[in-house]
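No value in this document is a laboratory result; all are computed from the given coordinates. The structure displayed is predicted, hence computed values, not measured ones. FYI the Cβ positions are ideal-geometry reconstructions off the backbone, even for glycines, and counts take in every protein chain you see.
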Amino acid sequence: MERKEFLRGLGFAGLGALTIPVIKACSKDDDVTTVAATDTTQATDTGGSTSTTCSVTSSETAGPFPTKTPSSLVTANIVSDRTGVPFTINITIQNKNASCAALAGAIVDIWHCDKDGYYSEYGGTGMQSADFTAVHFLRGRQTTNTNGLVSFTSIFPGWYSGRATHIHVHIYNSAGTSLLVTQIAFPEGSGSAVVLVNASTANGYSKGMSGYTYNASDNVFSDGVSSELSTVTGSVSAGFVLTHSINVAG
């Protein structure tokens with residue numbers, strides 16, 4: 001865990017480290033650049049943690065593009081004007097202090113990049129050249145229901161240099177006290193949604209997988225994603241659904 005502690009300790013002063021090139025780990029996916037699949041091909045590598053222990057999900061850095069005023073973005077549909085493959089995000093929050101029972105009333109903020117790897121609320125700098133400082137796409141806040149669930153309507157995230165596909169999450173209790181900042185990782189096998197979506201040039205995903213940073217080489221996920229790996233099902237034509245549980249000390 002030393003690497004994560006170091007990253008968190010850097011704060012915004014050290015966020016430039018995210019632009020340092022990362023050497024890709026060898027894996028069966030490294031050479032995947034094209035996919036011979038139709039839009040209706042179902043994701044076959046859906047991921048999901050096999051852990052049955054009730055422990056707090058790993059904490060991660062919120063930077064470099066956290067939501068600036070999350071309380072102003074209470075919405076379930078976070079698409080705004082972004083285009084891409086339809087994506088539903090279902091997150092369940094569980095309380096480690098209650099044997100991982102569902103935590104109702106928790107406040108959940110999420111944010112992620114668009115299909116081109118850009119974040120809203122930032123830009124015009126070395127960290128992100130495209131200037132989206134005046135807009136708020138792909139960011140939102142919801143409160144968990146009695147089953148600990150929040151759902152968001154979005155588009156499938158793209159990727160950018162040095163990072164695997166991911167979603168940022170910040171969870172608070174009902175009083176607004178911060179409980180956990182974490183990130184959600186995606187399965188990356190040859191039949192995964194990540195591969196299928198990034199081959200979908202018809203939907204504007206133009207990068208493919210050439211130069212993609214896999215979880216094993218990602219500077220946040222490289223020490224393991226056992227508690228952060230989501231399940232993603234669906235197809236490009238029908239859209240994908242992410243399902244993930246996050247444990248907090250509530």
On the principal axes of its Cα set, how long, how wide and how thick is the stretch 67-170? Give whole Å, largest value first.
45, 27, 25
Once both labels are modelled 7 Å past Cα along the beta-carbon direction, what's the residue 127-residue 99 spacing in nm?
4.3
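Let me check I've understood the local charge: for residue 138, count other residues with C-beta under 11 angstrom from its C-beta, Lys and Arg +1, Asp and Glu -1. What total comes out?
Working: positive: 82, 115, 139; negative: 81, 114, 121.
After counting each charged neighbour, the total is 0.
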Spin-label point model (7 Å from Cα, Cβ direction): what's the residue 153 to residue 40 distance in nm?
2.5
